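Every read-out reported here was derived from the displayed coordinates using simple, explicitly stated rules and does not represent laboratory data. Just so we're clear, the structure is a prediction, and the values are computed from it rather than from any experiment. Cβ atoms come from the backbone with ideal geometry, glycine included; neighbour counts cover every protein chain shown.
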Amino acid sequence: LALAPAPTAAQGEVWRMSTFNVSIVIAADGSARVTETITADFLEPRHGIFRYVPYKGVDDAGKGYQLDIDLKSVTVDGVETDAETSKEGDNVVWKIGDADTAIEGKHVYALTYRVDGAIRSFEDFAEFYWNVTGEGWDVPLSVVGGDVFLPGYRSPLRSACYTGVHGSTFTNCQIGLVDGSAIFYTLKPGEPLTIALGISKGVIIGPPFWKRALKAVVHYGPWLLPFFVLAFVYRRWRKNGADAPLGTIKRRLHVARKRLAKEVEPMAV
């Protein structure tokens with residue numbers, strides 16, 4: 001999506017996507033490092049592009065998922081630049097461009113980001129399921145191509161690719177398995193692409209325990225915090241604020257009276 005407001009139909013085409021290439025490296029802990037190269041050809045002055053990346057939704061098995069996505073770097077024509085991050089619906093949105101600078105012609109955008117949570121676990125295998133292109137572009141996609149590298153250069157067990165809108169079972173794409181990687185591409189421009197790679201059990205060992213625990217605390221902490229606060233307040237109340245048993249109160253009063261009598265008696269004398 002171009003940063004400037006979309007033109008009316010009478011204005012015609014204002015930019016084109018020449019290439020959309022992707023390289024994905026999957027680590028043994030199940031995270032994926034995604035590098036995208038997008039070539040945009042601006043036919044009139046524009047400020048940049050938006051990139052929408054789905055971070056939650058429902059996969060092809062009908063199971064809901066939510067990903068952690070962390071942008072690492074963005075370059076335009078090889079020069080590092082900043083990107084403004086926000087969320088819109090089920091997408092992480094990166095606004096790439098300078099509001100004070102308009103550009104024309106061809107420009108190459110390279111994005112690198114880390115994804116956690118894209119590995120699904122099954123009884124006999126794990127699976128990397130990834131929406132490569134996302135949706136919502138206001139220009140047709142080019143032919144999309146790329147590769148995926150697995151940890152230890154272990155070849156995938158199986159592979160599948162799907163084209164079209166979310167939930168589509170059309171396969172107007174090709175995906176081939178080679179030693180330690182898979183190569184994929186769409187057969188014609190304009191179609192979104194999703195890929196799925198089956199991975200042998202044991203290749204993905206998952207994140208370390210401390211990272212899983214930290215993620216659980218971050219995810220469930222806001223819901224558990226009121227219970228911890230209530231338990232803390234209850235302990236404080238039991239220790240300092242609860243009424244003592246009646247027998248204890250009588251003993252304390254008796255001791256207080258005796259102490260008071262000792263202090264008052266010399267004054268009377």
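Here are some notes:
- A simple spin-label model places pseudo-atoms 7 Å from Cα toward Cβ; at GLU84 and PHE232 they are separated by 3.7 nm.
- Nonlocal amide H pairs with ASN91, under 5 Å, H built at 1.01 Å: TYR55
- For segment 56-203: lysine pairs under 17 Å (alpha-carbon distance), excluding those fewer than 8 apart on one chain: 4
- Segments 182-190, 97-105 sorted - mean Cβ within 10 Å per residue, highest first: 182-190, 97-105
- Estimated dipole of segment 39-139 in Debye, rounded to 20 [Cβ of Lys and Arg +1, of Asp and Glu -1, Cα centre]: 80 debye
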